[in-house]
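A.B. asks: Got a structure for you, written out below as structure tokens; questions coming shortly.
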Amino acid sequence: MLVIWKKFATSTPSVPQRQKQETENKWLMGEVKALRLLSYMGGMRYAHIEDDEKMSLQAMPDAQRLSFWRVGSHPTQEFGQYKELLFTLTLRDIKVRYKQSFMGFAWAILMPVLVVGSGLIVMVAFSAMSGKPINKLDVLSVAVKSVPWAFFVAAVRFATNSLVMNKELVTKIYFPREILPLASIFANFFDFLVASFVLALILCVTRVGASIYLLCVPALLILLVLLTMSCGILLACANLFFRDVKYLVEVLLTYGVFFAPVFYSASILGKWGFLLLLNPIGPVLEGLRNVIILHRAPDLPWLAYSATWATVGLLLTWKIFQRAEASFAESI
């Protein structure tokens, strides 16, 4: 009896162990749900193939089977079939981020607050050198540009690691692999919406005011998301083949804030201000500052420059990603 009691006591998990096991089970349930959804969609897509084509498809290597699925499938039509999977993976990333976290939704505003704090230090230094006092509009301009910049940094960082962190899904069954970095980007866009709500409250309290130019904000945000998607998808593909890409991305994102008009506007550099606007995200940040804080129209030529980068970059990135997708399972 004593031996049985000792065996039972040693086999009973402690409270921390049970909590850890419950967390792991929730994560596994999310993976199983995604795999079931993938299997269902794969079966729906596999059902219309004739029997002789099914036999030849089963004999194909993985790389050829992936290219078989890609032939004749338009990206828009394909994503329409997998939109539920995109929603499921995005919701999973959001739940994993906020469940059992100490700060909860405060994580969404932590990064913008840190960026604003760093910007204030830079502004104090500029004020000390130039002898000009810091005004309210300068501080609010940094706050307005910090929120989208924080979204861009976090979304690119998570998207870069999305394929490697979901290797079980990548190697199990076919689905458009672009969904994984896109899910990471949309999950971070949820954080952006939370931080934007807090920013809107601050702007209301400080009585910044409103103008007709606020109608330009949705177009600027769409441009921001497109630029983020082009960077995130390309870097996710590169990181799968070259694992040191994520370290290079961390360095570029850390110091990239000094090469974008976040802490200061492009006009502060005078005739050299165009150098900051050569960064495709720069005109978007300056445009948000103009329409929200200064109540004036954004610079349309520079926005056209950013839109060209976003459109061409996204198309090229999509093409590169599809070409490289057949080798994902072997390289991951």
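A.B. asks: Inside the range 110-200, counting only helices (runs of 4 or more DSSP H) that do not spill past its ends, which hold 3 or more residues that are modelled with pLDDT of 90 or more and in contact with a Pro (Cβ under 7 Å, 6 or more places away or on another chain)?
C.D. replies: Filter on the range 110-200 gives 136-160.
A.B. asks: Consider Val312 carefully, then state whether it is assigned to a helix (DSSP H, G or I), in contact with a Phe, Trp or Tyr (Cβ under 7 Å, 6 or more places away or on another chain) and under 25 Å from Phe242 (Cα atoms).
C.D. replies: Here the answer is no, as Val312 does not meet what is asked.
A.B. asks: Next up: In this structure, does Phe328 turn out to be modelled with pLDDT under 95, assigned to a helix (DSSP H, G or I) and over 20 Å from the mean Cα position of the chain (by Cα)?
C.D. replies: Judged against the criteria, Phe328 is a match.
A.B. asks: Looking at the structure I just gave you, is Ser211 more than 30 Å from Leu180 (Cα to Cα) and of a type outside the set (A, V, I, L, M, F, W, C)?
C.D. replies: It is true that Ser211 is more than 30 Å from Leu180 (Cα to Cα) and of a type outside the set (A, V, I, L, M, F, W, C).
A.B. asks: On to the next question. Taking Val139 as the residue in question, decide whether it is surrounded by 14 or more Cβ atoms within 10 Å (Cβ to Cβ) and under 26 Å from Ser230 (Cβ atoms).
C.D. replies: Judged against the criteria, Val139 is not a match.
A.B. asks: Let me ask another. Could you please let me know if Thr228 is modelled with pLDDT of 95 or more and either assigned to a helix (DSSP H, G or I) or closer than 24 Å to Lys319 by Cα (or both)?
C.D. replies: yes
A.B. asks: Output the residues belonging to the range 182-200 that are farther than 14 Å from Val156 by Cα and of a type outside the set (A, V, I, L, M, F, W, C).
C.D. replies: Ser196
A.B. asks: Under 7 Å by Cβ, and 6 or more places apart or on different chains, what pairs join a residue from the range 164-179 that is in contact (Cβ under 8 Å) with a residue 60 or more places away in the chain and closer than 13 Å to Cys237 by Cβ with one that is among the charged types (D, E, K, R) and buried (at least 21 other Cβ atoms within 10 Å of the Cβ)?
C.D. replies: Val170/Arg177; Arg177/Glu325
A.B. asks: Same structure, new question: Residues that are modelled with pLDDT of 95 or more, surrounded by fewer than 16 Cβ atoms within 10 Å (Cβ to Cβ) and of a type in the set (A, V, I, L, M, F, W, C): find the helices (runs of 4 or more DSSP H) completely inside the range 245-300 holding 1 or more of those.
C.D. replies: none
A.B. asks: Name the residues in the range 200-217 that are closer than 15 Å to Asn290 by Cβ and either touching a Gly at 6+ places or on another chain (Cβ under 8 Å) or of a type outside the set (A, V, I, L, M) (or both), would you?
C.D. replies: Matches in the range 200-217: Gly209, Ser211, Tyr213, Cys216.
A.B. asks: Right, another one. Checking Thr317 against (1) farther than 26 Å from Ser127 by Cα; (2) touching a residue at least 12 places away in the same chain (Cβ under 8 Å); (3) of a type in the set (Val, Ile, Thr); (4) surrounded by fewer than 20 Cβ atoms within 10 Å (Cβ to Cβ), which test does it fail?
C.D. replies: The single condition Thr317 does not satisfy is (4).
The values are calculated or read from the model by the stated rules, or taken from the named source; none is laboratory data. Keep in mind that what you see is a predicted model, and the values were worked out from it rather than measured. Note that we place each Cβ from the backbone using ideal geometry, even for glycine, and neighbour counts take in every protein chain shown.
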